[in-house]
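Step one of this worksheet: look at the structure below.
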Amino acid sequence: MKIVRIIHWISNIAGTGALVLGLLHWLANISFLDAHMLLGLTVTLALLALSIILLFTRGMRVVGALGIIYAVIIPVFGMNQFLLLIGDWHWLVRVAHLLVSAGAMGFVGITSARYLKLKQAEGKDAPHMSAPQPVR
């Protein structure tokens, strides 16, 4: 459970950084594209790691498989967005990139919360063994 919390935090921090750097590039023409891409890759790897954990968790296997597919789509779309709709309509690609990225952050947040809730419920349902009492 601890690793899922760490993955969630890494995704939040890297995603926020990537969002800020992407908006700076888009709106203010201040370019830190290498850092933006590194942070985006970090979010993608966090999504992939969480999805692999979910793939081996009963009740969340389908979500894990969807997350792996999503983790493959993100870098393909991010690296090829400069080739799509060149010209006046390129802003649509930028908005789609923003939405796909925000969706990845939301996916990590929602699925990690769902995983933690599932594991917490499993812990409550498990029979608790009391500590052995010393014999007097």
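The values are calculated or read from the model by the stated rules, or taken from the named source; none is laboratory data. Quantities reported herein were computed from a predicted structural model and do not represent experimental measurements. Virtual Cβ from ideal backbone geometry, glycine too; neighbours counted across all protein chains shown.
Report whether or not residue 90 is of a type outside the set (A, V, I, L, M, F, W, C) and in contact with a helix residue (DSSP H, G or I) (Cβ under 8 Å, 6 or more places away or on another chain). Considered against the rule, which asks whether it is of a type outside the set (A, V, I, L, M, F, W, C) and in contact with a helix residue (DSSP H, G or I) (Cβ under 8 Å, 6 or more places away or on another chain), residue 90 comes out as no.
Taking the condition of a type outside the set (Phe, Trp, Tyr), more than 30 Å from residue 123 (Cβ to Cβ) and surrounded by fewer than 18 Cβ atoms within 10 Å (Cβ to Cβ), does residue 65 pass?
So residue 65 does not fit the description; no.
Looking only at region 80-105, residues that are surrounded by 12 or more Cβ atoms within 10 Å (Cβ to Cβ) and either at pLDDT 95 or above or in a helix (DSSP H, G or I) (or both) come to 13 in all.
Listed by first and then second residue, the pairs linking a residue in region 28-56 that is farther than 15 Å from residue 111 by Cβ to a residue that is crowded, with 16+ Cβ neighbours inside 10 Å and of a type in the set (A, V, I, L, M, F, W, C), with Cβ atoms under 6 Å apart and 6 or more places separating them unless they lie on different chains, are 32/21; 35/21; 36/18; 36/21; 39/14; 39/18; 40/18; 42/14. Tell me yes or no: at least one residue of region 64-71 is without any contact (Cβ under 8 Å) to a residue 40 or more places away in the chain and within 13 Å of residue 101 (Cα to Cα). Within region 64-71, one or more residues are without any contact (Cβ under 8 Å) to a residue 40 or more places away in the chain and within 13 Å of residue 101 (Cα to Cα). Residues being of a type in the set (Ser, Thr, Tyr), surrounded by 12 or more Cβ atoms within 10 Å (Cβ to Cβ) and under 13 Å from residue 14 (Cβ atoms) are entirely absent from region 50-58. As a summary of the residue check, residue 74 satisfies the conditions (1) in a helix (DSSP H, G or I); (2) under 30 Å from residue 121 (Cα atoms); (3) in contact (Cβ under 8 Å) with a residue 24 or more places away in the chain except for the one numbered (2).
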